[in-house]
Amino acid sequence: KDGNCFLHSLVDQMTYDSDLKNVFTHVSLRKHVVFNTEFTISHKKLVLPTSKEGDVMISDGNKLMSLDEWMKTMGKNACYCDNLFLQLVSEMLNRKFILVPVYNDSTNNGSGIIEISPCEIVGNPMYFLYYKGVLISESLSVCLKTNIDFPYTCLWISLFTFSFEVKIFWWLIGWLVS
């Protein structure tokens, strides 16, 4: 609802990881990702789309924006995280994200899940349930290991927030693939 739902879910997931527990709040995590964007892109050798002039251009579904504009937008509290943001935070944390969409049509190649993988994976993957809102018509699927139209507005829920998390996860997986 407030645009920080993914960040809240990610911070919740981080509480289950001894290396990441109590490292970030949703506010400090957003600031960290945005502040380190250029370093992460360079260090991890991520490839972003460029204009004819060679400038990085990112689509928010409505218009193209430069990397600086994207960083200003993503740096704002309550701005919904897009797939570049998810790839960057995945790279920064060296954690694989497994996204379980509420609807099968939101899946990567009909697999029932969407995986966002960093160049180097350390530790266990983090699981998220999401409900898509509005799809970006030409979303940013650049350096990302997925070629999906990623939801811009969505509801993110950490699958391990609930006391019955494993049962819910496997029920959802069974439901999504059936």
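The values are calculated or read from the model by the stated rules, or taken from the named source; none is laboratory data. From a predicted model like this one, the values you see are computed outputs, not experimental measurements. Cβ: placed from backbone, ideal geometry, glycine included. Neighbour counts: every protein chain shown. The area values use the complete protein model at the heavy-atom level, side chains included, leaving out ligands, DNA and RNA. Shrake-Rupley method; radii C 1.70, N 1.55, O 1.52, S 1.80 Å.
State which residue is modelled with the lowest pLDDT when the search covers only the range 32-61 and only residues that are of a type in the set (Ser, Thr, Tyr) and loosely packed, with under 15 Cβ neighbours inside 10 Å.
SER51
Taking ASP68 as the residue in question, decide whether it is over 23 Å from GLU120 (Cβ atoms) and either open to solvent by 80 Å² or more (accessible area, probe 1.4 Å) or charged (D, E, K, R) (or both).
yes
From the set of residues in the range 83-94 that are open to solvent by less than 10 Å² (accessible area, probe 1.4 Å) and not aromatic (Phe, Trp, Tyr), which is farthest from the chain's Cα centre (by Cα)?
So the residue we want is GLU91.
Taking LEU29 as meeting all but one of (1) modelled with pLDDT of 85 or more; (2) open to solvent by 80 Å² or more (accessible area, probe 1.4 Å), write down the number of the exception.
Result: LEU29 fails condition (2) only.
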